[in-house]
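*Asks:* Okay, here's the structure, questions in a sec.
Every number here is computed from the coordinates shown, using simple stated rules; none is lab data. This structure is a prediction, so every number in the text was calculated from the model and none was measured. For neighbour counting, all protein chains shown are included, and Cβ atoms are generated from backbone atoms with ideal geometry for every residue, glycine included.
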Amino acid sequence: MNQEIVKTFLLINDCRDDPLPGWRQKLHKEINKLYPNLELSEQNTADRLRAIYSRKLLSVLDIDKLRREAGNQIYNQQIKESVQTNMQEELPETEHQEQIHKINQKFEENFELFENTNPEIDHAYHN
């Protein structure tokens, strides 16, 4: 749960440590989606996040890994939205839907293949 709280916080804030306006409400909403049986309050969710950082319940390495995962997720979502926008502008509706379907399939395949990898580290071993 601690990892989900930190990752969700990072996703909401575009991987920044400084929170954007409205972060508490967004974090509360997303964590309640993930854990609907817990019925956490907004204050409790924010307190949990604060405790994770202040008590060092996650290591710096764990937080860095979560930041990379969140960053990859944000980047991939932006790319996907950009491709969909470009496709809508260029193709007739039926071709557009077919292209989006193909792109989504390829994106999901590649995302699964490369999820939790670090190209900088992987590249270093091949040189």
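*Asks:* Lys and Arg at +1, Asp and Glu at -1: add these up for the other residues within a Cβ distance under 14 Å of E39 and post the number.
*Replies:* +2
*Asks:* Just D47, D14, D64 to compare: in a GNM of the chain, with alpha carbon springs under 10 Å, which one fluctuates most?
*Replies:* D47
*Asks:* To continue, here is another question. Between V83 and H101, what is 0.36 nm times their sequence separation minus the Cα-Cα distance? Round to one decimal in nm.
*Replies:* Here the answer is 5.3 nm.
*Asks:* Would you kindly derive the ³J(HN,Hα) couplings of segment 24-40 from the backbone phi angles with the Karplus curve 6.51 cos²θ - 1.76 cosθ + 1.60 (θ = phi - 60°), listing them in order in whole Hz, with x for Gly and Pro?
*Replies:* Per residue, the Karplus-derived 3J(HN,Hα) values read 4, 5, 5, 4, 4, 4, 5, 5, 5, 5, 6, 10, x, 6, 7, 6, 6 Hz.
*Asks:* Please give the residues of segment 15-44, grouped as numeric ranges, whose backbone N is less than 11 Å from a label point set 7 Å along the Cα-to-Cβ vector of I74.
*Replies:* Output list for this probe position: 15-20.
*Asks:* Here's another thing I want to ask about it. Pull out a ≥ b ≥ c, the square roots of the eigenvalues of the alpha-carbon gyration tensor of segment 2-58, then state rounded if a/c is under 1.5, prolate if not and a/b is larger than b/c, and oblate in the remaining case.
*Replies:* Oblate is the answer for segment 2-58, as a/c is 1.5 or above yet b/c matches or exceeds a/b.
*Asks:* Something else about it: Run the simple label-point estimate for D64 and N44 please: 7 Å along Cα→C-beta, distance reported in nm.
*Replies:* Between D64 and N44, the simple spin-label model gives 3.4 nm.
*Asks:* Which one, A70, I12, S54, is farthest towards the positive end of the dipole of the chain when Lys and Arg carry +1 and Asp and Glu -1 on their Cβ?
*Replies:* Ranked along the dipole, the leading option is S54.
*Asks:* Using only DSSP helix segments of four residues or longer, with each worth -39500 (n - 2.57), what per-residue ellipticity at 222 nm results for the chain after dividing by its residue count and rounding to 500?
*Replies:* -25500 deg cm²/dmol
*Asks:* At a threshold of 8 angstrom on Cα-Cα distance, excluding pairs fewer than six apart, so keeping six or more, what relative contact order does segment 1-65 reach in percent?
*Replies:* 35 percent
*Asks:* Rounded if a/c is under 1.5, else prolate if a/b is larger than b/c, else oblate: which is the chain, with a ≥ b ≥ c the root eigenvalues of its Cα gyration tensor?
*Replies:* oblate
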